[in-house]
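What follows draws every value from the coordinates through simple rules; no lab data is involved. Note that the structure is a prediction, hence the values are computed from the model and not measured. Backbone-built Cβ (ideal geometry, glycine too); neighbour counts: all protein chains shown.
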Amino acid sequence: MKREHLDWPFFEPRHRALAEELDAWAARELHAGHDADVDAQCRALVRRLGAAGWLRHAVAGTAHGGAAETIDTRSICLLRETLAWHHGLADFAFAMQGLGSGAISLHGTAAQRARYLPRVAEGRALAAFALSEPEAGSDVAALACSAREDGETWVLDGEKTWISNGGIADFYVLFARTGEAPGSRGISAFIVDADTPGFEIAQRIEVIAPHPLARLRLTNCRVTKAQLLGAPGEGFKVAMRTLDVFRTSVAAAALGFGRRALHEGLQRALARPMFGQRLADFQLTQAKLAQMATTVDSAALLTYRAAWQRDQGRTVTREAAMAKMAATEGAQQVIDAAVQLWGGAGVASGNLVESLYREIRALRIYEGATEVQQLIIGRDLLKES
Ligand SMILES: Cc1cc2nc3c(=O)[nH]c(=O)nc-3n(C[C@H](O)[C@H](O)[C@H](O)COP(=O)(O)OP(=O)(O)OC[C@H]3O[C@@H](n4cnc5c(N)ncnc54)[C@H](O)[C@@H]3O)c2cc1C
C-alpha cells in the first residue's frame, strides 16, 4: 500500500511506524477472499489480530491489555485503512472488537473492564454491539427491547437486528429500554454473555459481502445487576459516545477500500492493451483516474483531520460526520470507476474490484446512514450560526 499520506502533519512517528508494521504484516499474513465458512474465518482472524498485538489498539487501558489509556483515533483509523486495503473481513474483525467493547472501555466498572477487555485485546473473546432493532435503525431512540428490575437481576425481553458478529460473539453490549424517562433518556446498556439463558440467535442474515450478522431474541433473559453498563437511563449516551469514537474509523475503512480500488484501476489501465495503445493512454482514462485520486485524497484529508482533532480532545461531531459521509460515498464512486476500468472482468465473481464493490455498500448505511450524517452536519452549522 502506498503511504505518502503518512508524511502529513496529522501523524506522529509512532503512527507512521504502526501503519508500516501493519502493512508489512498484512501483506504477509492476509490473502484476499472469503472462506466458505465465514464464521470460522472471522474467529481465526480475531485470534490472529489479537496474537499479533493489533487489537490492543481497539481497547483502552494498559492494565487491561490496551495499547494506551485511551483509544487513539489516528491509530485505529490507520489500522482500519490498512486492513481494509488488504482484506475486508480482517477490517471487520478488528472494527467489531473495538465497537463491541468500546462502551466497556469508556463506561465499564473496574470489574467489567478486567473481565472483558483483556480477552478482547488478545483475540480470545469476540465482541458485538447490539443497538438496532427492526423498528429502530436510524431512529434509534425508538428502540423497544425492554429491561425491568427483578430483585438482584435485570430481565430483558425483545429483539435486536443487523447485529455484526451475531452468532459468533462471546458477549453483546446491548441497549434496552428501562423507562426512567421517555425516548432517548429511558435507555440503559447491559453486557449480555452469549450463553445467558433466554438469549438466542433468532435468524442469521446473509448480506452482499459475507460477514457474521444476526437477529437476536431475548425472552425472559436474566442478567445480574453487575452486567448493567453505565448508569441506568444513560444507555443512549453510552451508545452515542461509543459510536463517536468509532465513526471516523468507518471513514478510514472506506478510505482503505477506495485506495485499493484506485490501485487496482491504475494497474489495469497500465496493463490493458486497447486500440493499439494502453487503456491508460487515453485522456478519458486519465480524467477518470484523476477524479478517483482526488476523491481518495479528499476523503483521507477529512478522515485524518477528524481523527487528529479528536485526539486533541476536541469535539468532532461535524468533522466526523463529514469524514464518514465523504469517505463512504466517495469510495463507492471510486470503486465503481475501478470496476468500469476493468470492464467485464470487473464484475466477475472473485475479482478484487468486484468484492470491493460489494464490501463498500453497507458502510453508507451503518453507524448512521449518509442522510443522518447530512442532518448532523446541517444542524451543527445552524447551531453555530
Ligand atoms: C452490514 C450491516 C452491519 C450492521 N451492524 C450493526 C451492529 O453491529 N449493531 C447495530 O446495532 N446495528 C448494526 N447495523 C444496523 C445499522 O446501523 C442500520 O441498518 C442503520 O442504522 C439504518 O437503520 P435501518 O436499516 O433500520 O434503516 P432505516 O432507519 O429504515 O433507514 C432507511 C434509509 O432511510 C434514510 N434516512 C434515514 N434517516 C433519514 C432522514 N432523517 N431523512 C431522510 N432519509 C433518512 C437513509 O437513506 C436510510 O438508509 C448494521 C447494518 C448493516 C447493513
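Points worth noting:
- Stretching residue 271 away from residue 63 to a fully extended chain increases their span by 69.8 nm, per 0.36 nm per residue minus the current alpha-carbon distance.
- A simple spin-label model places pseudo-atoms 7 Å from Cα toward Cβ; at residue 207 and residue 184 they are separated by 2.3 nm.
- Relative contact order, percent, the chain [alpha-carbon distance under 8 Å, six or more residues apart]: 15
- Within region 240-284: backbone nitrogen closer than 19 Å to the residue 345 label point (7 Å, Cα to C-beta): 260-282
- Sorting 284, 156 from the fewest to the most surrounding beta carbons within 10 angstrom yields 284, 156.
- Selected from 228, 279, 55 as most flexible by GNM, with the chain as the system and alpha-carbon contacts under 10 Å: 279
- Karplus 3J(HN,Hα) series, Hz, for region 176-191 with 6.51 cos²θ - 1.76 cosθ + 1.60 (x for Gly, Pro): 9, 7, 10, x, 4, 7, x, x, 5, 8, x, 10, 10, 9, 9, 9
- The simple spin-label model puts a point 7 Å past each Cα toward its Cβ; for residue 358 and residue 200 those points are separated by 3.0 nm.
- Here is the P(r) of region 6-93: all C-alpha pair distances, binned every 10 Å from 0, give 17, 49, 29, 6, 0 in whole percents.
- Computed over region 1-147, the P(r) tail beyond 20 angstrom holds 52 percent of alpha carbon pairs.
- Sequence ranges 140-152, 298-310, ranked by mean other-Cβ count within 10 angstrom, highest first: 298-310, 140-152
- Centroid-to-centroid separation of region 147-202 and region 321-385 [C-alpha atoms, Å]: 31
- Scanning the chain for DSSP H helices at least 30 Å long along the axis (C-alpha atoms) with a Kyte-Doolittle mean no lower than 0.0 picks out 235-271, 317-342.
- Value of Rg/Rh across the chain [Cα atoms, Kirkwood radius]: 0.98
- Close Lys pairs in the chain (alpha-carbon distance under 26 Å; sequence gap of 8 or more, or different chains): 10.
- Percent of C-alpha pairs per 10 Å bin, region 243-385, short to long: 13, 37, 28, 15, 6, 1
- Inter-site label distance for residue 124 and residue 28 at 7 Å from Cα along Cβ, in nm: 2.5
- Fraction in percent of alpha-carbon pairs per bin - 10 Å, region 32-80: 26, 42, 26, 6
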